[in-house]
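Heads up: the structure comes next, in structure tokens.
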Amino acid sequence: MAGDKKHFVIVGGSLGGLAAGLALRELGHDTTILERNPTPVLEHQGAGIVAGGDTLAFFKKYNRCDRPIAVTSHRRQYLDRDGNVTHKEDMDQNMTSWDLAYYLMRANYDGTENSHCKVPDRKPTDGKSVHIHDRNVTDIKERDDGVEVFWESGGGKKGSIRADVLIGADGPSSTIRTLLTPEIQRVYAGYCALRGTVPEGEVSDAAREAFCERFTFFHCHGVQILAYLIPGEKGTVEPGRRLINFVYYTNFPEGSAELDEIMTDRDGKRRRITMPPGLTDMDMWEKQRRIARERLPPQFAEIVCATKKPFVQAVTDVISPTNEFMDGKVVLIGDALAGFRPHTVASTSQAAFDAMVFADYIEGKVSREEWKKQTLGFARYIQKRGVDMGNRSQFEDLPLKEHIHDRNVASVPREKEVYPDWATAI
Ligand SMILES: Cc1cc2nc3c(=O)[nH]c(=O)nc-3n(C[C@H](O)[C@H](O)[C@H](O)COP(=O)(O)OP(=O)(O)OC[C@H]3O[C@@H](n4cnc5c(N)ncnc54)[C@H](O)[C@@H]3O)c2cc1C
């Protein structure tokens, strides 16, 4: 793949698409990101991200903005129903916010001005980096020398753009993957993640003690909740101004009235997979507050009850059989390749890793075989791990030590993972 300057079209302008764009333009290639979102930036849609090794490595290599990117948790701990710490391990782990990661990438990629960081200078050797919003990609056609990518805008405008290589970074419901492998479906796992944030300055001393610079968990029948600190407004990591981020997994059987209720927004629209922040029906959320008080330790119940903009993500499974199509003219990365359950805390690391190792392949530093083995091995192995972890956590009654074991296994650095043969078969 090494050689001439190429034009890469990247479908999806979230973290995976931006990571690929940054890694490739650093090699001098031209990139165009097509993002379907109707507004120029994606904002206030997410919350916390555990910044794993590959996410940090990515920022170290490609981020030219000089500012802290994460809050460090120094301890992992588990509470009982009364809120007492029953197990703790000293361990540093870095947490960031989706908004901060996104704005850093946009500032670096296409110079998007924002309140989180200063836009860094471009290098003369950088390839062109273009981000176009309101471009919903609907189809692709293989050409002799590349791929034609067809899009539609919200106003009904249609057009196409030619790519030497097309990168599908369009998330777990990927259009590109669906066009190429229509038989692969994204499947609901039987539970949802209820999510939200609360300013650390607005909680009780007990809650601050439980969550500040701690990665804290609670498990009970059909429930797992965890919380950690993330950067606050404008990405600040200043103590007192950060946010406590929680992820509260709870079972809602497929087809149940409870699932319909939690996924129906304040305007009565049934959402399939995501209830974005700000659209949750707060009358319905009152019921979740009551349930939280009944079953969670007081510190967790407090933050669930205090969050002003809760949001909901149905947990799903999906994985593509491969990451390369049309003789390498189309490549899938990140969630489009494999949508992990959030327990793996690896989705952003996968996107970062896929972008970095693909750039190495394009540069000629790794072979095609090595690129495929590494990215598919990661995708298949961690996707399966997420299914196993999630099912054990939500649908089995395990002693705490089993949950601790699962969590510790998920913290093994990627370089130390040994993938089984089924994961790396190409
Ligand atoms: C707005 C938003 C907020 C998020 N917040 C969090 C969070 O708080 N914590 C967390 O752990 N993870 C969050 N995620 C998920 C996280 O970004 C991913 O799990 C991970 O980083 C891998 O990213 P990805 O780019 O592969 O996929 P995604 O982040 O899912 O991005 C896919 C992108 O492709 C775009 N797209 C989809 N179809 C098309 C199409 N046909 N044409 C053009 N564009 C298309 C989507 O609009 C989206 O921007 C969020 C994702 C989004 C989009």
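The values are calculated or read from the model by the stated rules, or taken from the named source; none is laboratory data. Remember, it's a predicted structure, so these values are computed and weren't measured experimentally. Backbone-built Cβ (ideal geometry, glycine too); neighbour counts: all protein chains shown.
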**Prompt:** Does at least one position in the range 43-57 carry a residue that is more than 16 Å from the ligand (Cβ to nearest atom), assigned to a loop (DSSP other than H, G, I, E, B) and in contact with an Asp or Glu (Cβ under 8 Å, 6 or more places away or on another chain)?
**Reply:** no
**Asked** Where residues in the range 310-367 are among the acidic types (Asp, Glu) and within 17 Å of the chain's Cα centre (by Cα), which of them is surrounded by the fewest Cβ atoms within 10 Å (Cβ to Cβ)?
**Response** Asp317
**Prompt:** Limited to the range 343-385, what total is found for residues that are on the phi > 0 side of the Ramachandran plot and either within 9 Å of the ligand (Cβ to nearest atom) or part of a helix (DSSP H, G or I) (or both)?
**Reply:** 1
**Request:** Within the range 159-179, count every residue that is over 17 Å from the mean Cα position of the chain (by Cα) and among the small types (Gly, Ala, Ser).
**Result:** 3
**Asked** Going by the structure shown, is Val203 touching a strand residue (DSSP E or B) at 6+ places or on another chain (Cβ under 6 Å) and aliphatic (A, V, I, L, M)?
**Response** no
**Message:** Being part of a helix (DSSP H, G or I) and either without any contact (Cβ under 8 Å) to a residue 40 or more places away in the chain or within 16 Å of the ligand (Cβ to nearest atom) (or both) is the filter here; which residues of the range 174-208 pass it?
**Reply:** Thr175, Ile176, Arg177, Thr178, Leu179, Leu180, Asp205, Arg208
**Prompt:** Given the structure, is Ala19 more than 30 Å from Leu296 (Cβ to Cβ), within 11 Å of the ligand (Cβ to nearest atom) and among the hydrophobic types (A, V, I, L, M, F, W, C)?
**Reply:** yes
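Name every residue in the range 158-173 that is closer than 22 Å to Thr39 by Cα, small (Gly, Ala, Ser) and either touching a residue at least 24 places away in the same chain (Cβ under 8 Å) or more than 15 Å from the ligand (Cβ to nearest atom) (or both), in order of residue number.
First pass over the range 158-173, keeping only residues closer than 22 Å to Thr39 by Cα: 158-161, 167-173.
The next check asks that each one be small (Gly, Ala, Ser); those that pass are 159-160, 168-169, 171, 173.
Passing the criteria: Gly168, Ala169, Gly171, Ser173.
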**Selected residue [under 18 Å from Gln350 (Cα atoms) and either crowded, with 23+ Cβ neighbours inside 10 Å or of a type in the set (A, V, I, L, M) (or both)] from Gly16, Gly53** = Gly16
**Item:** Selection from the range 259-273 of residues that are of a type outside the set (A, V, I, L, M) and either surrounded by fewer than 15 Cβ atoms within 10 Å (Cβ to Cβ) or part of a loop (DSSP other than H, G, I, E, B) (or both)
**Value:** Asp260, Glu261, Arg266, Asp267, Gly268, Lys269, Arg270, Arg271, Arg272
**Asked** For Asn251, which of the numbered conditions (1) of a type outside the set (Lys, Arg); (2) modelled with pLDDT under 95; (3) surrounded by 14 or more Cβ atoms within 10 Å (Cβ to Cβ); (4) within 25 Å of the chain's Cα centre (by Cα) fails to hold?
**Response** (2)
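Conditions tested, residue by residue: (1) over 17 Å from Ser14 (Cα atoms); (2) touching a strand residue (DSSP E or B) at 6+ places or on another chain (Cβ under 9 Å); (3) surrounded by fewer than 13 Cβ atoms within 10 Å (Cβ to Cβ).
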residue: Ser115; (1), (2), (3): yes, no, yes
residue: Arg122; (1), (2), (3): yes, yes, no
residue: His131; (1), (2), (3): no, yes, no
residue: Asn136; (1), (2), (3): no, yes, no
residue: Asp139; (1), (2), (3): yes, yes, no
residue: Glu142; (1), (2), (3): yes, yes, no
residue: Glu148; (1), (2), (3): yes, yes, no
residue: Ser153; (1), (2), (3): yes, yes, no
residue: Lys158; (1), (2), (3): yes, yes, yes
**Message:** If Ile69 meets every condition in (1) surrounded by fewer than 18 Cβ atoms within 10 Å (Cβ to Cβ); (2) touching a helix residue (DSSP H, G or I) at 6+ places or on another chain (Cβ under 8 Å) apart from one, which number is that one?
**Reply:** (1)
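For residues in the range 219-248 being under 19 Å from Ile262 (Cα atoms) and not aromatic (Phe, Trp, Tyr), which is surrounded by the fewest Cβ atoms within 10 Å (Cβ to Cβ)? So that I can check it myself, show each step before the final result.
Our first condition is that a residue be under 19 Å from Ile262 (Cα atoms); within the range 219-248, this holds for 222-225, 246-248.
Going one step further and asking which of them are not aromatic (Phe, Trp, Tyr), we end up with 222-225, 247.
Values: Gly222: 17, Val223: 19, Gln224: 21, Ile225: 25, Val247: 20.
Filtering the range 219-248 for residues that are under 19 Å from Ile262 (Cα atoms) and not aromatic (Phe, Trp, Tyr), the one surrounded by the fewest Cβ atoms within 10 Å (Cβ to Cβ) comes out as Gly222.
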**Message:** With the structure loaded, tell me whether Pro38 is touching a residue at least 60 places away in the same chain (Cβ under 8 Å), within 16 Å of the ligand (Cβ to nearest atom), on the phi < 0 side of the Ramachandran plot and surrounded by fewer than 15 Cβ atoms within 10 Å (Cβ to Cβ) or whether it fails that test.
**Reply:** yes
**Asked** Considering only the range 143-157, how many residues are without any contact (Cβ under 8 Å) to a residue 60 or more places away in the chain and away from the ligand (no atom under 13 Å from the Cβ)?
**Response** 7
**Request:** Would you point out the residue of the range 312-342, among those that are within 11 Å of the ligand (Cβ to nearest atom) and closer than 23 Å to Gln93 by Cβ, that is modelled with the lowest pLDDT?
**Result:** Pro342
**Prompt:** Restricting the search to the range 279-336, which residues are of a type in the set (Asp, Glu) and part of a helix (DSSP H, G or I)?
**Reply:** Asp283, Glu286, Glu294, Glu302, Asp327, Asp335
